[in-house]
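As structure tokens, the structure follows; a few thoughts come after it.
The values are calculated or read from the model by the stated rules, or taken from the named source; none is laboratory data. Owing to the predicted nature of the structure, the values given are computational and were not obtained by experimental measurement. Virtual Cβ from ideal backbone geometry, glycine too; neighbours counted across all protein chains shown.
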Amino acid sequence: MMTELEGLVQRIAGKKILVVGDIIVDQFVWGTVNRISPEAPVPVVNVTKEELLLGGGANVLHNIHSLGAEAVLCGIIGDDEMGGRLQGLLQDLGASTSGLVQGKRPTTVKTRVVAQGQQVVRFDREQTGTPSETTIAAMGSFLEQNISDYDAIIISDYYKGVISKPLMEKLLARVAQVEQETGKKIPVVVDPKPDQPERFAGVTLLTPNHLEAEKMSGMRIRNTEELRVAAEIMLQKVGCQAVLITRGEAGMALLESGRELLSIPTTAREVFDVTGAGDTVIAVLAMGLAAGAPFGEAAALANIAAGVVVGKVGTATVSQEELLAVLHGEEKIETAFTSCG
Ligand SMILES: Nc1ncnc2c1ncn2[C@@H]1O[C@H](COP(=O)(O)OP(=O)(O)OP(=O)(O)O)[C@@H](O)[C@H]1O
Ligand SMILES: [Mg+2]
């Protein structure tokens, strides 16, 4: 398995991945607090630094980029300052912004104010719900014209309105058409919010976390058997080929249609910050499938990548070198696989 995964790390570079979904700007404002406001019982923060990070689908793109593959993001930004700055960040990575559609709503921004090492407040600026007809049409025509260029498609869903049933139908119809015309099979993998699971009918694979899996399957998951049953229910409900449930410190579990549940324990050595681990999982999984790996191999690599990012502070990404270092040093991973069917 290790040598296969090493080969896979080489092969994922150079793949082209399309990320469709909700785009988020993560804004951090740092400062110091010396007094309480005379206006209200709140601290006054003297701002010393500000930073913008790519979030949501844009963080998935960042992960793909860090592993040497090319990604294009298709989603909605606003006609506003943050939309412009986000485009700048993508351009800094060398990513094309051709799939971005400027909608009639503001760019989604989550702002954290941090002082004395503590988050003082977080405020969100966003407008969710169904986008305007022109926005949906613009996304649809981008997908129509460009899907055949990609080796895999990621749906990064934060249930902010971009991923709707009509858009998914259009996307999957085009994927089917490409396969019929050229023989090219483009896997469509989804990091879902559990709402309206019928949106995902006919995709290749879903990667819900534990809570999302409970909501999508409509049952509690307290043991391996319940995990298997919940995954089975999702396979049936969505009609996909596989379900990968991410389980935080317990790693992940993969159920492929007609197979036994495969449990993949985490390889993380130390855990500092689990933010964005789900984005790393979907990014590496899609890259693995794009490179032709079976589900189990792509999932194993995604699990190793997630194990690396949780050891870093902040929403992090992982490089090919880091993955190879784990693969070289971590002989125990292979034997740690257990089938729990
Ligand atoms: N505490 C942890 N210890 C070890 N590994 C972890 C931990 N948390 C997450 N991971 C790794 O990251 C993967 C994804 O994490 P998780 O199941 O929390 O997804 P998520 O809830 O979708 O994350 P996100 O907050 O990014 O959406 C796990 O499958 C595991 O490999
Ligand atoms: Mg998640």
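Only a single item in (1) of a type outside the set (A, V, I, L, M); (2) within 16 Å of ligand 1 (Cβ to nearest atom); (3) within 30 Å of residue 149 (Cβ to Cβ) is not met by residue 292, and it is number (2). Scanning the range 83-130 for residues that are of a type outside the set (S, T, N, Q) and free of Cβ contacts under 8 Å to residues at least 12 places away in the same chain yields 84, 88, 92, 117, 121. Considering the range 253-287, and only residues there that are within 15 Å of ligand 2 (Cβ to nearest atom) and of a type in the set (Ser, Thr, Tyr), the residue that is modelled with the lowest pLDDT turns out to be 275.
Taken over the range 242-262, the criterion of being touching a residue at least 40 places away in the same chain (Cβ under 8 Å) and assigned to a strand (DSSP E or B) is satisfied by 242, 244, 246, 252, 253, 254, 256, 262. Every listed requirement among (1) more than 8 Å from ligand 1 (Cβ to nearest atom); (2) modelled with pLDDT under 95; (3) aliphatic (A, V, I, L, M) is met by residue 235 save one, (2).
Just to be sure, is residue 20 at pLDDT 95 or above, assigned to a strand (DSSP E or B), in contact with a strand residue (DSSP E or B) (Cβ under 6 Å, 6 or more places away or on another chain) and farther than 21 Å from residue 114 by Cβ? Against the criterion (at pLDDT 95 or above, assigned to a strand (DSSP E or B), in contact with a strand residue (DSSP E or B) (Cβ under 6 Å, 6 or more places away or on another chain) and farther than 21 Å from residue 114 by Cβ), residue 20 qualifies. A single entry from 182, 207 fulfils the requirement of being closer than 25 Å to residue 300 by Cβ and among the hydroxyl-bearing types (Ser, Thr, Tyr): 207. Only one entry in 275, 280 is crowded, with 20+ Cβ neighbours inside 10 Å and polar (S, T, N, Q), namely 280.
Output the residue which, of all residues in the range 263-289 that are in a helix (DSSP H, G or I) and of a type outside the set (A, V, I, L, M), is farthest from ligand 1 (Cβ to nearest atom).
Going through the range 263-289, the residues in a helix (DSSP H, G or I) turn out to be 277-289.
Among the residues that remain, those that are also of a type outside the set (A, V, I, L, M) are: 278-280, 288.
Values: 278: 3, 279: 6, 280: 7, 288: 14 Å.
Taking the candidates together, the pick is 288.
For the range 163-185, filtering for residues that are of a type outside the set (D, E, K, R), in a loop (DSSP other than H, G, I, E, B), touching a helix residue (DSSP H, G or I) at 6+ places or on another chain (Cβ under 8 Å) and farther than 30 Å from residue 250 by Cα leaves 1. Exactly one residue out of 36, 23 is β-branched (Val, Ile, Thr) and either closer than 25 Å to residue 131 by Cα or surrounded by 14 or more Cβ atoms within 10 Å (Cβ to Cβ) (or both), and it is 23. Restricting attention to the range 206-252, the residues that are buried (at least 20 other Cβ atoms within 10 Å of the Cβ), within 13 Å of ligand 2 (Cβ to nearest atom) and aliphatic (A, V, I, L, M) total 6.
To keep it simple, each residue is scored yes or no on (1) of a type in the set (Val, Ile, Thr); (2) assigned to a helix (DSSP H, G or I).
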residue: 189; (1), (2): yes, no
residue: 195; (1), (2): no, no
residue: 212; (1), (2): no, yes
residue: 232; (1), (2): no, yes
residue: 236; (1), (2): no, yes
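The residue of the range 156-202 that is farthest from ligand 2 (Cβ to nearest atom), among those that are touching a strand residue (DSSP E or B) at 6+ places or on another chain (Cβ under 7 Å) and among the aromatic types (Phe, Trp, Tyr), is 200.
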